[in-house]
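Here the structure is laid out as structure tokens; the discussion comes afterwards.
Every number here is computed from the coordinates shown, using simple stated rules; none is lab data. This structure is a prediction, so every number in the text was calculated from the model and none was measured. Cβ atoms come from the backbone with ideal geometry, glycine included; neighbour counts cover every protein chain shown.
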Amino acid sequence: LDFDRLKRDAAKAAVAEVKNGMVVGLGTGSTAAFSITALGRRVAQGLRIVGIPTSERTAAQARSLKIPLATLKDHPEIDIDIDGADEVERNTLHLIKGMGGALLREKIVASASKRFLVIVDESKLVGRLGEKGAVPVEAAPFGWPVVARALRSLNGEPSLRLNPDGSEFLTDGGNYILDCSFGPIADPVALGREIDGIAGVVEHGLFLGMTSQVIVGAAGGVLHYSK
Ligand code: A5P
């Protein structure tokens, strides 16, 4: 399967929903990057929008395509947010996000959006969150060992995210990421609440009850899931 093609198909379908005058949340990651490319093309053809980027990387891409950018101070309410995900739970549309490290800004932007469109290729659909990967947990550098210990007591296996050179990975907010494996998560809402309750946790990658629609690039064509 050509996953880039599937990601691009999903991204294009999402960008078709953007209309003149909208405030648009710009996601982060390889799938979201295709949506920003598609949006840049529409802006070049005369579409008038402003984008709120969810990472420095996304802001740089948007600037290079001359997509006008703004901040949450200008627009605390966003019309539509288009972003990728690492796992999508089929029945609930709950998500795991943050393998790209942008989860904090991504969650703020998604929470401020009237519509949150999630774009994925079909490999991201799961029966249970946690089936494939870890839950990224953003932690204040001062407190990360305490956060790691608390995550272990929730039966997670946290591992501090490192750069290829062995230094600690830093988020745009200057925090660390603990990638925490839980295996298949029976009750994501309860787990999310427990993680939220740990002092030193800045944010976690469980995006629960936030999704408006999932647009899936699949070999047989684009699929739309909403609740
Ligand atoms: C970034 O922090 C993430 O939440 C991404 O949205 C997620 O990791 C999906 O990325 P890909 O589209 O590159 O798989």
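Please work out which residue is farthest from Gly209 (Cα to Cα), limiting yourself to the stretch 120-166 and to residues that are away from the ligand (no atom under 16 Å from the Cβ) and of a type in the set (Val, Ile, Thr).
Val146
Can you go through Ile52, Ile67, Ile78 and tell me which one is in contact with a His (Cβ under 8 Å, 6 or more places away or on another chain) and surrounded by 18 or more Cβ atoms within 10 Å (Cβ to Cβ)? Step through it out loud before you land on a result.
Numbers: Ile67 fails: in contact with a His (Cβ under 8 Å, 6 or more places away or on another chain); Ile78 fails: in contact with a His (Cβ under 8 Å, 6 or more places away or on another chain).
Checking each option against the conditions leaves just Ile52.
Mind listing whichever residues of the stretch 127-170 are within 20 Å of Gly192 (Cβ to Cβ) and acidic (Asp, Glu)?
Applying the first criterion (within 20 Å of Gly192 (Cβ to Cβ)) to the stretch 127-170 yields 127-140, 143-144, 146-159, 161.
Of everything in the stretch 127-170, those that are within 20 Å of Gly192 (Cβ to Cβ) and acidic (Asp, Glu) turn out to be Glu131, Glu138, Glu157.
Could you list all residues from the stretch 84-99 that are under 8 Å from the mean Cα position of the chain (by Cα) and buried (at least 24 other Cβ atoms within 10 Å of the Cβ)?
Answer for the stretch 84-99, where residues must be under 8 Å from the mean Cα position of the chain (by Cα) and buried (at least 24 other Cβ atoms within 10 Å of the Cβ): Gly84, Ala85, Ile96, Lys97, Gly98.
Which members of the stretch 92-120 meet the condition of being in contact with a helix residue (DSSP H, G or I) (Cβ under 9 Å, 6 or more places away or on another chain) and part of a loop (DSSP other than H, G, I, E, B)?
Scanning the stretch 92-120 gives Thr92, His94, Lys97, Gly98, Gly100, Ala102.
Give the residues of the stretch 1-18 that are of a type outside the set (A, V, I, L, M) and either on the phi > 0 side of the Ramachandran plot or touching a residue at least 60 places away in the same chain (Cβ under 8 Å) (or both), sorted by residue number. Can you show your working first?
First, pick out the residues of the stretch 1-18 that are of a type outside the set (A, V, I, L, M): 2-5, 7-9, 12, 17.
Correct list: Phe3, Arg5, Lys7, Arg8, Asp9, Glu17.
Please work out which residue is nearest to the ligand (Cβ to nearest atom), limiting yourself to the stretch 44-91 and to residues that are acidic (Asp, Glu), within 22 Å of Ile177 (Cα to Cα) and not in a loop (DSSP other than H, G, I, E, B). Before the answer, list the steps.
Keep residues of the stretch 44-91 that are acidic (Asp, Glu), which gives 56, 74, 77, 79, 81, 83, 86-87, 89.
Filter once more, so that each one left must be within 22 Å of Ile177 (Cα to Cα): 56, 83, 86-87.
The next check asks that each one be not in a loop (DSSP other than H, G, I, E, B); those that pass are 56, 83, 87.
On the way: Glu56: 12, Asp83: 5, Glu87: 9 Å.
Only one residue tops the list, namely Asp83.
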